[in-house]
There are 2 protein chains.
Amino acid sequence: MFKACVIGLGYVGLPILKNLSKKYKTVGYDTNHKRIQNLKKRIDIFSEFNKNDLSEINTTYTTEIEKVSSCNLFIVAVPTPVFLNKKPNLSHLKDVCNKISKILKKNDIIIFESTVYPGVTNDFCINILEKKSKLNEGKDFFVGYSPERVNPGDKKHSLKNINKILAYPHNYKKKDLKKTYSSLGKKIILTNNIKEAEIAKVIENIQRDVNIGLINEFYLVCNKLNINFDNVINLASSKWNFLKFKPGLVGGHCLPVDPYYLSFISKKNNVQTKITLAGRSINDSMASLVEKKILNKIKKINIKNKKIIICGLSYKKDVADLRNSLSLKIFNNINKKNKDIKGYDPLLNIEIAKKKKFITSINELSKFDVFFVLTNHTIMSSILKKIKHKVIFYPI
Amino acid sequence: MFKACVIGLGYVGLPILKNLSKKYKTVGYDTNHKRIQNLKKRIDIFSEFNKNDLSEINTTYTTEIEKVSSCNLFIVAVPTPVFLNKKPNLSHLKDVCNKISKILKKNDIIIFESTVYPGVTNDFCINILEKKSKLNEGKDFFVGYSPERVNPGDKKHSLKNINKILAYPHNYKKKDLKKTYSSLGKKIILTNNIKEAEIAKVIENIQRDVNIGLINEFYLVCNKLNINFDNVINLASSKWNFLKFKPGLVGGHCLPVDPYYLSFISKKNNVQTKITLAGRSINDSMASLVEKKILNKIKKINIKNKKIIICGLSYKKDVADLRNSLSLKIFNNINKKNKDIKGYDPLLNIEIAKKKKFITSINELSKFDVFFVLTNHTIMSSILKKIKHKVIFYPI
């Protein structure tokens, strides 16, 4: 029987902890004191879990690595972002490996869930763990990789409804591990090859990023040629194999990041990921297009008499997360030029919203005349219905 | 009641002619004398239609434009390739418009089926037709656009099983035209906007080209990193929204061509089609990769004693067409370096195969020892089964 420690309690770690805690003794570890305090108080500022969900989690929360030393299964779900120069930032992984090394003991199992390029688990993580702990992987302790497939805001594809890959190239407690992981997925796809699982994860996200990018590319062309994009997509969708992706602002911590992970290791090996990077380039360029569209629209409105607000600032529909949000980027740029133009997102945690000086109440909202909707949350239309005498624009 | 003339009797025109001839008086026109002779003899060298199929077509075939002057509906299905510099080659369309102008009369309807970039029908075709005929489109004669969706080698998606867009911005005989076109599709999607229909067609093909390109990009990366590509795709396919495209050699007269049409008009309007062109670049680069793979393999075999053959030379599976075939390109390059390495394609018309000095009989085939299969036609495995003491390689 495992005693499991989930390291990193964000979008990925928290649902893992929740599911595991139903059957196993668990500890939830995060370096972020505020996060741990909140979780103890049953608050999830990302709004993925409500108070009830959180009160179901029967676990211990801690920020001290020493407190998890009695665990024998470590599941690592820390962020793997990119630096400003788009190179992989493995500092959280490095930090975790260093910390685990201190408490690592014989027969411990560590499963990494963070998205990485192929080779990171073996060449980077295991390397640190072995060096620092003086133990041998595959003999003293055992490492596996199970790429997370959490889709924030998507209630349909929660852990229990989706297949989960588990790469574990060892015999030690393989069956037990698979059984434990069966709490974390509909079906566990067991494989021996960590690299295959690592690259499988990044290409899933790149494929989505490129397909949205391509639709954005078509959108840009149609805009320039004065062709009605929606009509075009409806016509094309009458073909049996057309893939109906939607144009939009791609943000968050997966699609704008993962392509650079694959590109990094490919470049190191002299392969060019042309399509992957072209996808990123087009998707990133959408922010300035939408910004221009809004500014052009504002020019046409008699701005002296109109109060303008930009609504929907998180990185995608029905998600409260502002990380890598192009909507937020657009708002910030416009707000810099004109402080009277305000921002609003109905999903944001009120503390965060207030800190960012966003509008937070419907009362305040009703004082505005012109509403630009960027991230169009499901709840948005019912909120806007309550505002009288308004003009609404959807720049994308 | 229309008397219809189908202009251009290739992959697109011939099935249109076949279906229309069941209900309407028709003429089949092509400038290629050999093609017309063959069709009169019920021979289709592309092997899309057999003798029975062709004998069902009750029509008149001609190479003389004067012979079609009694028709009042012209359906144009001529090729729209690219020049060597990848710029759109509209010479066939130009030629057709010039010819139709000579016989054009009041109330004639012309529907273009050829794939073009948005604007060609209005700005190029109608322009020629009006200038040369001295008649006015929209008043004296009427032009529409209905993009072909013929998928060579695909029996499942024949005309009667697929939806067909018909852009016809006129009232004149609109209902009759829709009724006539209902012989050419499962459902006719009528629209008034020709440009929308033009661009809808190219983006359908670009989306496919880019998605195959992206899978090829992943294939190239996996190859370089020594990761088993098939395993990776199987793992990734366990995600609910992964699109399982196959890597391969993209050829033919659609995917390697249409992206350049959209890119041409986009560039003219200062929009960059980065993803579209990156897709082309990766897909084209596959030929040299596969060529290298074959040459490397050959180096390892004791070549002095082995007879080598390259099988499957058409541009895609289960199609007899050699146009823009990367398999043929690879064979030609290898054959230039070593004349003893022969080529074979079981689907090719025997005349064409003999002219190209390919192997044409199973008897000859059985003299070879090493078989490289490029375009892997369905029939290939049963043919290769008959050859004893052979080695087969599938370089992709």
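The values are calculated or read from the model by the stated rules, or taken from the named source; none is laboratory data. These numbers were taken from a predicted model, which means no experiment stands behind them. Ideal geometry is used to build each Cβ from the backbone, glycine not excepted, and the neighbour counts take in all protein chains shown.
At a glance:
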quantity: Residues within segment A:260-286 that are surrounded by fewer than 20 Cβ atoms within 10 Å (Cβ to Cβ) and either hydrophobic (A, V, I, L, M, F, W, C) or on the phi > 0 side of the Ramachandran plot (or both), tallied; calculated: 3
quantity: A:S21 out of contact with any helix residue (DSSP H, G or I) (no Cβ under 6 Å at 6 or more places or on another chain) and surrounded by fewer than 18 Cβ atoms within 10 Å (Cβ to Cβ); calculated: no
quantity: Search result, residues across segment A:209-226 that are more than 7 Å from chain B (Cβ to nearest Cβ) and of a type in the set (D, E, K, R); calculated: A:D209
quantity: Condition met for B:K179 (free of Cβ contacts under 8 Å to residues at least 60 places away in the same chain, surrounded by fewer than 16 Cβ atoms within 10 Å (Cβ to Cβ) and more than 21 Å from B:V68 (Cα to Cα)); calculated: yes
quantity: Candidate set from segment A:281-301 (those that are of a type outside the set (A, V, I, L, M) and facing chain B (nearest Cβ under 10 Å)); member that is farthest from A:I330 (Cα to Cα); calculated: A:S281
quantity: Single condition B:E217 does not satisfy, out of (1) of a type in the set (D, E); (2) more than 26 Å from A:V210 (Cα to Cα); (3) touching a residue at least 60 places away in the same chain (Cβ under 8 Å); calculated: (2)
quantity: Tabulated pairs, segment B:227-249, first within 17 Å of A:L243 (Cβ to Cβ) and more than 9 Å from chain A (Cβ to nearest Cβ), second assigned to a helix (DSSP H, G or I) and hydrophobic (A, V, I, L, M, F, W, C), C-beta under 8 angstrom, 6+ apart or interchain; calculated: B:K244/B:I233; B:K246/B:I212; B:K246/B:I215
quantity: Qualifying positions in segment B:182-214 - without any contact (Cβ under 8 Å) to a residue 40 or more places away in the chain and of a type in the set (K, R); calculated: B:K186, B:K187
quantity: Hey, B:I103 out of contact with any Phe, Trp or Tyr (no Cβ under 6 Å at 6 or more places or on another chain) and modelled with pLDDT of 95 or more or not; calculated: yes
quantity: Residue within segment A:359-370 that is more than 14 Å from every other protein chain (Cβ to nearest Cβ), touching a Ser or Thr at 6+ places or on another chain (Cβ under 7 Å) and among the aliphatic types (A, V, I, L, M) present; calculated: no
quantity: Verdict on B:G252 being facing another protein chain (nearest Cβ under 7 Å) and touching a residue at least 60 places away in the same chain (Cβ under 8 Å); calculated: no
quantity: Which listed residue, of B:I36, B:I16, B:I45, is in contact (Cβ under 8 Å) with a residue 60 or more places away in the chain, within 21 Å of the chain's Cα centre (by Cα) and under 23 Å from B:I350 (Cα atoms); calculated: B:I45
quantity: Checking B:I275 against (1) assigned by TED's automatic domain parsing to the domain that holds B:P346; (2) under 27 Å from the mean Cα position of the chain (by Cα), the condition it does not meet; calculated: (1)
quantity: Residues of segment B:177-207 classified as of a type in the set (D, E, K, R) and more than 7 Å from chain A (Cβ to nearest Cβ), total; calculated: 6
quantity: Given (1) modelled with pLDDT under 95; (2) touching a Gly at 6+ places or on another chain (Cβ under 9 Å), number of the condition B:V78 does not satisfy; calculated: (1)
quantity: So B:F218, is it touching a helix residue (DSSP H, G or I) at 6+ places or on another chain (Cβ under 6 Å), surrounded by fewer than 20 Cβ atoms within 10 Å (Cβ to Cβ) and not assigned by TED's automatic domain parsing to the domain that holds B:F112; calculated: no
quantity: Residue within segment B:120-131 that is crowded, with 24+ Cβ neighbours inside 10 Å, within 14 Å of chain A (Cβ to nearest Cβ) and part of a loop (DSSP other than H, G, I, E, B) present; calculated: no
quantity: For B:Y11: the one exception among (1) in contact with a helix residue (DSSP H, G or I) (Cβ under 8 Å, 6 or more places away or on another chain); (2) crowded, with 20+ Cβ neighbours inside 10 Å; (3) part of a loop (DSSP other than H, G, I, E, B); calculated: (1)
quantity: Meets criteria (outside any helix (DSSP H, G or I) and surrounded by 23 or more Cβ atoms within 10 Å (Cβ to Cβ)) for A:V143; calculated: yes
quantity: Failed condition for A:N171, given (1) more than 12 Å from chain B (Cβ to nearest Cβ); (2) touching a residue at least 24 places away in the same chain (Cβ under 8 Å); (3) surrounded by fewer than 13 Cβ atoms within 10 Å (Cβ to Cβ); calculated: (2)
quantity: Strands (runs of 3 or more DSSP E) enclosed by segment B:304-396 - at least 3 residues per element that are buried (at least 17 other Cβ atoms within 10 Å of the Cβ) and not assigned by TED's automatic domain parsing to the domain that holds B:S47; calculated: B:308-311, B:342-344, B:370-373
quantity: Residue in segment B:239-260 that is over 30 Å from A:S146 (Cβ atoms), of a type in the set (S, T, Y) and outside the structural domain of B:K367 (by TED's automatic domain parsing) present; calculated: yes
quantity: Members of segment A:58-110 found to be without any contact (Cβ under 8 Å) to a residue 12 or more places away in the chain and either assigned to a helix (DSSP H, G or I) or over 26 Å from the mean Cα position of the chain (by Cα) (or both), listed by number; calculated: A:S91
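Condition check ((1) in contact with a His (Cβ under 8 Å, 6 or more places away or on another chain); (2) farther than 30 Å from A:K34 by Cβ) across all residues:
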{"residue": "A:K336", "(1), (2)": "no, no"}
{"residue": "A:K342", "(1), (2)": "no, no"}
{"residue": "A:D345", "(1), (2)": "yes, no"}
{"residue": "A:L348", "(1), (2)": "no, no"}
{"residue": "A:A353", "(1), (2)": "no, no"}
{"residue": "A:K356", "(1), (2)": "no, no"}
{"residue": "A:N363", "(1), (2)": "no, no"}
{"residue": "A:F371", "(1), (2)": "no, yes"}
{"residue": "A:H389", "(1), (2)": "no, yes"}
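Let's see how each residue does on (1) in contact with an Asp or Glu (Cβ under 9 Å, 6 or more places away or on another chain); (2) not aromatic (F, W, Y):
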| site | (1), (2) |
| --- | --- |
| A:N324 | no, yes |
| A:S327 | yes, yes |
| A:N333 | yes, yes |
| A:P346 | no, yes |
| A:M380 | no, yes |
| A:Y394 | no, no |
